[in-house]
1. Per residue of B:47-56, count partner chain C-beta atoms within 10 Å of its C-beta, then hand back the mean as an integer.
2. For segment B:8-51, what is the convex hull volume of its Cα atoms per residue in Å³?
3. Answer with one residue from A:Gly28, B:Leu75, B:Val22: the one whose Cα lies farthest towards the positive end of the charge dipole of the protein assembly as shown, charges on Cβ with Lys, Arg +1 and Asp, Glu -1.
4. Write down Rg/Rh for segment B:36-113, rounded to two decimals, with Rg from the C-alpha atoms and Rh from the Kirkwood relation over Cα pairs.
5. Can you list, shortest first and in nm, the gaps between the label point of A:Pro193 and those of its counterparts in the other copies, using a point 7 Å from Cα in the C-beta direction?
6. Based on the mean of other beta carbon atoms within 10 Å per residue, what is the order of A:24-31, A:93-100, A:265-272, most packed first?
7. Once you average over the residues of A:97-105, how many Cβ atoms of partner chains fall within 10 Å of each Cβ?
8. What's the local net charge at B:Val85, with K and R +1, D and E -1, over the other residues with C-beta under 11 Å away?
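Every read-out reported here was derived from the displayed coordinates using simple, explicitly stated rules and does not represent laboratory data. Fair warning: this is a prediction, and the values are worked out from it, not measured in the lab. As a convention, Cβ positions derive from the backbone with ideal geometry for all residues, glycine included, and neighbour counts pool all protein chains shown.
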2 protein chains.
Amino acid sequence: MTKARVTVIDIAKAAGVSKSTVSLVLQGSSLVNEGTRSKVNAVMRELGYVYNRGAANLRQAGAKSKIVGVVVNDLTNSFFAELAVGVDMVVQSAGFVQFLSNTGESIDRQREVVASMREHGISGLIVSPARATDAADFKPLVAAGIPVVVVVRNLPGAKVSSIVSDNQAGMMSAVKHLAGLGHKRIAFLGGFPDTAVFDDRLAGYRSGVEAAGLDYHEELVIASAPSRAGGVEAIGKAIALGRRPTAAVCFNDAVAFGVCDGLRARRLEPGADFAVVGFDDVIEAQAAVPALTTVSVDPQGIGRRGAQMLLKQINAGKAEAETVTTAVRLVVRESCGAGRAPPSKTGKSVKSKQDAE
Amino acid sequence: MTKARVTVIDIAKAAGVSKSTVSLVLQGSSLVNEGTRSKVNAVMRELGYVYNRGAANLRQAGAKSKIVGVVVNDLTNSFFAELAVGVDMVVQSAGFVQFLSNTGESIDRQREVVASMREHGISGLIVSPARATDAADFKPLVAAGIPVVVVVRNLPGAKVSSIVSDNQAGMMSAVKHLAGLGHKRIAFLGGFPDTAVFDDRLAGYRSGVEAAGLDYHEELVIASAPSRAGGVEAIGKAIALGRRPTAAVCFNDAVAFGVCDGLRARRLEPGADFAVVGFDDVIEAQAAVPALTTVSVDPQGIGRRGAQMLLKQINAGKAEAETVTTAVRLVVRESCGAGRAPPSKTGKSVKSKQDAE
DNA sequence: TGACAGAATTGGAACGTTCCAAATATTTAT
DNA sequence: ATAAATATTTGGAACGTTCCAATTCTGTCA
């Protein structure tokens, strides 16, 4: 039972050199003689040495800890799981590891995990903020020189980088698609009106309506919780309108699924009697019946982009806030009633790489 | 621009005490006078002190780093995302943070991330090993006194704790259910025969068959990749048999979906013309058409259990290997052709807490 | 008042690494 | 052979914390 940890001194002793030399080897310095290097490496392997990043990090005060923090608001949602995978891919191959935490939309939890991560000395943070996060919450981090990248939801007012999908363009293309199919009264359903994402998507809806030469009617915008239940509620109100709409774009896919539920409960078949379009292209969208027409946002791509941006800032040493919006793409399936056509049952289009630039 | 980090010495100076006292306060020692404590705390807040866990951890050699590593083989799969959430819940409330990494079934990647985590000084590891992981791979960890808990897939031969679902009982109940519906020839489809999980599930199948008073026929066991494509392949072979089966239990849900695809391609309707049962109860199972009858395993519960087990071992200081198998439950939906009954369209039963003991 | 116990505080010495300045070994040029 | 240059190696002194043993305060009891 080897009790004590093997340290750089142990291997120095065993290899007949000084600890400084061993340290040089560890850092791959070109100063050290080739013969010495291989000997040291051999001894390290033999003794089963493991590098102590904590100690190293202590010395190179404030320098790179090779840890990035990732906090998401709902890992259960496959959207965020994909995002985390995207982040992991790039940080991993840069030799970093990720602290991953889930806030479940709890702002207290978020504060806790961020504090904890900070104590552990993360060198950067990627966060999809919980709802109602105060923009000032990340102030201390950036003041301490720790780059922060906000993804998915932006944080107006915070001086940090962010990367969000092009909500406006996405919603606009959805509306135009529906208008192209002949719909005149298109509703906007779901979402909390006090969020930036809502504003963006609504703006896109409005531009789409106007671009299609239709009139914008306030009554066709029906907010609700951005969930399945919210969708049921919203479609209920929509149908109760005097002149009822014949189609709807939804705040996100969850709402869209709820809308479908609500339609069926009223003996209307989504896709046939009423067109519905979602937003996000979550994994269930393509398997659902009818398959959901939706705006695909490639969460994994966002994760990768965000991680790249963060690493760039970490390496640069200085974090100048940068804002990127990633392209989205309308994926036409069945729920909009567009094609009787599609013979291939699973529209795999979602997997394409779209985040190149 | 505050350049230098605030240290325990700074706050000692500012509070007019010694660094030792500050340290005592940090650890919540009862030795320190109440007045002093609150003064120190006040100063800490004022100067924006952040605890440096790295330094602390360096001193208390080998002691608790408050980090647990979590490595899963496929975070994209919602099964594992749920599992990670379960782990996060319990480690988070124990004041730990989790390193979460994804191997994507790559054994090299797995080795890398585990090594990296070790350098960072994790105090425990939860792993769902990539396929074909060598049981000896975790030897160094346990030798170094770092507890390891293997989840979902077990690692025969490794002297580590593990927590897997009750594959045998689950498959057995699936078979019995089908037999109860009158099926006489029930196939076992999919899965790689060289894995421990396969063995367990097959054993369950066999006991189920025998318990139902049927004969076990070798020809009804058809292995394949544990994927949708594998399912298509397996059902093809099954249907080509002289006396074809009328029902099948599948290695997992992916296989089951493939089986449904294959049935439809032959103009057979799953649920009506042929009964199929899956395993895992992935999130898509309840939304699919027909809704999949499957064995539910509650990944989040496994995550919580695993984390609890790990924390227990970390606190105990000694890790004695312990093996737990968690209960599973057959969720009857439509694909087995059981009920014409179910009026509630979404069988929410999957959300119940079943991991109490 | 002095001795004594308990409560509260405190100065080093670690922990395992990296950095710096300086020392030593090896070449090269004269 | 010797100086100058270059290549390699090396002892400390940090980094921010915790621990230990020792010290200084309190108050209590004779």
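1. Going residue by residue through B:47-56 and averaging, the value is 5.
2. Hull volume normalised by residue count: 58 Å³.
3. B:Val22
4. Working: Rg = 17.6 Å, Rh = 15.3 Å.
That ratio equals 1.15.
5. Spacings between copies for this position, smallest first, are 6.5 nm.
6. Values: A:24-31: 13.0, A:93-100: 19.4, A:265-272: 14.5.
Going from most to least packed, we get A:93-100, A:265-272, A:24-31.
7. Details: counts 12, 6, 6, 10, 6, 9, 2, 4, 0.
Mean number of neighbouring Cβ atoms from other chains: 6.
8. Working: positive: B:Arg304; negative: A:Asp74, B:Glu82, B:Asp88.
Taking every other residue near B:Val85 into account, the sum is -2.
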